[in-house]
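Computed from the coordinates by the stated procedures, all read-outs in this text should not be read as laboratory data. As the structure is a prediction and not an experimental result, all values here were calculated from the model. When we count neighbours, we look across all protein chains shown, and the Cβ atoms used for this are built from the backbone with ideal geometry, even at glycine.
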Amino acid sequence: MEQSSAQQLLILFRDGGCQFRGVYALGGIPPTLKRLSGSGPRSVPLPMVEALYKYQSDQRRFCRLPARTMSGSVDAFTIPGHLWHPKKPGTPK
């Protein structure tokens, strides 16, 4: 993450339960979220973002934002469930 030139880092949550899954950097043209650490898709185009969250430091929790536009006040996001790839079963030995 130290080597990233991105001006904004965001957390990927699995769902509305705010389970951490990864850290993403916002950048590129068109703007895309690229995974720096953790699990999840390597890149997420902005139209695929399902929900946006902001960290409320006074309440010590993430609150869902009603907005659908990415801005500097966004700290985390979720993606639709179908983008999560189920683990492939291993082949029996």
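Within the shell defined by Cβ-Cβ distances under 12 Å, the residues around residue 41 carry a net charge of +4, with Lys and Arg each +1 and Asp and Glu each -1. The stretch between residue 57 and residue 73 holds 4.5 nm of extra length on full extension. This uses 0.36 nm per residue minus the Cα-Cα distance. Within the range 1-85, the trypsin sites (Lys or Arg not before Pro) that combine a DSSP coil assignment with at most 16 other C-beta atoms in a 10 angstrom radius are 14, 42, 60, 68.
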